[in-house]
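Input: a single structure, listed below in structure tokens.
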Amino acid sequence: MPRLSVRGRRAARGGVPDESTRAHVAGAASAAAAEVAAPPVVRPDLTAAAFFDVDNTMMMGASLFWFARGLAARKYFSSRHLARFVWQQAKFRIAGNESADDMHTIRENALAFVAGREVAEIAQAGEEIYDELMADRIWSGTRVLAQKHLDAGQRVWLVTATPIELASIIAQRLGLTGALGTVSEIVDGRYTGRLVGELMHGPAKAEAVLALAEREGLDLSRCTAYSDSANDLPMLSLTGTAVAVNPDSELRAVARARGWTIRDFRTGRKAAKVGVPTVAAAALSGGLVGGAVALRRRNKLPV
């Protein structure tokens, strides 16, 4: 027999209960007697998976820019450092065919702004910055694509040049399996400001996917890759299915030539005009942030 509340027991002892009490007893008894079925379990598909680029594919704009902007707001570095970072990122994103010197500079400076900081501290900042600046910039259409793979029992990874710690936060918040990202050198729990190997960019993404597929027993012919950029052609060409999401003009042309699916979730602009893209808007925003920081400096406030 269902266990009654104090109110229900008093009503049972006191004769005919009023309507309110009867309703309470009935509700309590029903809840106590209800059988709750276990949620449906998705049958795992262990040899198929999906790989999603982040910037402009899963998220509007450059995730590393939003991360840097959030750190700048927390006074982690000066306006000069932010302006230089924004310029490097814009050049890196727009050029497409980066020179060796450009790549060396980007590699050396990519995480210099967190050198000496504790990993736990930056991870905590990353959680906050995701909520403040990134959560509302997730493309809902791309998120739906990822969920379809999860619903089919497939694992879903982000593959991005963003630091692995930030990439993992994004993956966790979206309910995905995990992330492949740029790995930083860490000594005694602190960032050195140097990278382990290269940025997770271009061929490095393909190498990471290959290594993960070997480790996890994935059949790449059954896997799917998603990206907005022709820079990710090495990764897109690895999997049995490739999807161009919000593609730049070069990737759109390749996708059409190869018969790949094209999904464009942008509105109010023609896809062909979005090769210079959200990073340009990000650079503008960065200028505003830098201006605010500079203003604080002129007013002799801490930067």
Residues of segment 175-207 satisfying the condition of being assigned to a strand (DSSP E or B), at pLDDT 90 or above and among the small types (Gly, Ala, Ser): GLY178, ALA179, GLY181
Among the residues listed as GLY178, GLY153, GLY126, the single one being in contact (Cβ under 8 Å) with a residue 60 or more places away in the chain and in the same structural domain as THR239 (by TED's automatic domain parsing): GLY153
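The values are calculated or read from the model by the stated rules, or taken from the named source; none is laboratory data. This structure is a prediction, so every number in the text was calculated from the model and none was measured. Using ideal geometry, Cβ is built from the backbone for each residue, glycine included, and neighbour counts are taken over all protein chains shown.
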